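Values quoted throughout were computed directly from the atomic coordinates according to the rules given, and no laboratory measurement underlies them. Computed from a predicted model, the values in this text were never measured in an experiment. Glycine also receives a Cβ, built like all others from the backbone with ideal geometry; neighbour counts cover every protein chain displayed.
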Amino acid sequence: RVLFRSYNRVAHHNKGFVWFEENYLKKPGRENLIVSIAGHDDDIACMVDMLNPYPIKGIQLSYSCPNVKGLNNSVIPKSIHPIYLKLNHLQDPYKYNLSRVKAIMVNSVPCWLGGMSGKGAQKSNWDFIIRHSPVLDVYGASWLSKDNIKYMEDCGVRTCAIGSVMLICPSLVQSLQK
């Protein structure tokens with residue numbers, strides 16, 4: 001059964017970037033990895049520089065995490081890897097240097113509990129996608145069915161991101177492989 005909405009308040013605590021680098025990135029088999037990072041602009045630039053030597057697929061700049069407040073990011077650092085900019089529906093992608101961005105990803109909708117995903121976020125996220133996908137490469141979000149994916153394709157979306165749908169309905173994600 002698919003839930004109508006889910007709230008993301010995961011806000012994972014972690015051991016830090018250096019630990020991640022030493023214990024995860026330096027191991028073989030990381031070529032298909034897109035690393036998601038958040039922090040102040042100077043921290044982001046430092047982490048991007050540290051990621052550049054690794055053969056990863058890309059870097060996601062999470063400039064919209066509803067569980068991280070007050071960062072007010074504005075800089076897109078240079079990288080040898082593709083940069084994916086993760087925004088929420090209220091943020092203006094044209095505030096950023098889009099010449100350094102491969103694609104825009106839409107995050108959960110900010111709400112009192114953290115971030116709302118799934119059906120509860122569809123209207124806001126899909127309005128953002130429809131508004132920006134004719135010009136920008138915006139990844140689909142808030143989908144809960146194959147029909148939702150078809151709708152987003154009809155709106156110009158070429159790629160759909162897998163977010164909290166994996167938590168609330170993993171069988172749907174698995175069925176897409178068939």
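The calculated FRET efficiency for the pair residue 15 and residue 123, based on their C-beta separation and a Förster distance of 25 Å, comes to about 0.10.
Could you sort the peptides 84-97, 143-156 by per-residue average Cβ neighbour count (10 Å cutoff), highest mean leading? Mind showing how you got there, number by number?
On the way: 84-97: 17.1, 143-156: 15.3.
My ranking of the peptides, most packed first, is 84-97, 143-156.
Taken along its three principal axes, the alpha carbon spread of region 32-136 comes to 39, 31, 27 Å, from the longest extent down to the shortest. Under the simplified labelling scheme, the residue 80-residue 150 pair shows an inter-label distance of 4.4 nm, with each label point 7 Å from Cα along Cα→Cβ.
Computed extension gain for residue 92 through residue 162, at 0.36 nm per residue and net of the alpha carbon distance, reaches 23.0 nm. If you take all other residues with their beta carbon under 15 Å from the beta carbon of residue 78, and give Lys and Arg +1 and Asp and Glu -1, the sum is -1. In this structure, the amide hydrogen of residue 107, modeled 1.01 Å from its nitrogen in the peptide plane, lies closer than 5 angstrom to those of 87, 88, 89, counting only residues at least 5 positions away or on a different chain. Charge tally for residue 20 (other residues, Cβ to Cβ under 12 Å; Lys, Arg +1; Asp, Glu -1): +2. The 3J(HN,Hα) values that the Karplus relation (6.51, -1.76, 1.60; θ = phi - 60°) gives for region 125-140 are, in residue order, 5, 5, 4, 4, 4, 5, 5, 10, 5, x, 10, 9, 7, 10, 7, x Hz. Gly and Pro appear as x.
Would you mind counting up the charge near residue 147? Only other residues with Cβ under 11 Å from its Cβ, with Lys and Arg at +1 and Asp and Glu at -1.
0
Remark: the residue 57-residue 72 segment gains 2.8 nm on full extension, using 0.36 nm per residue and subtracting the alpha carbon distance.
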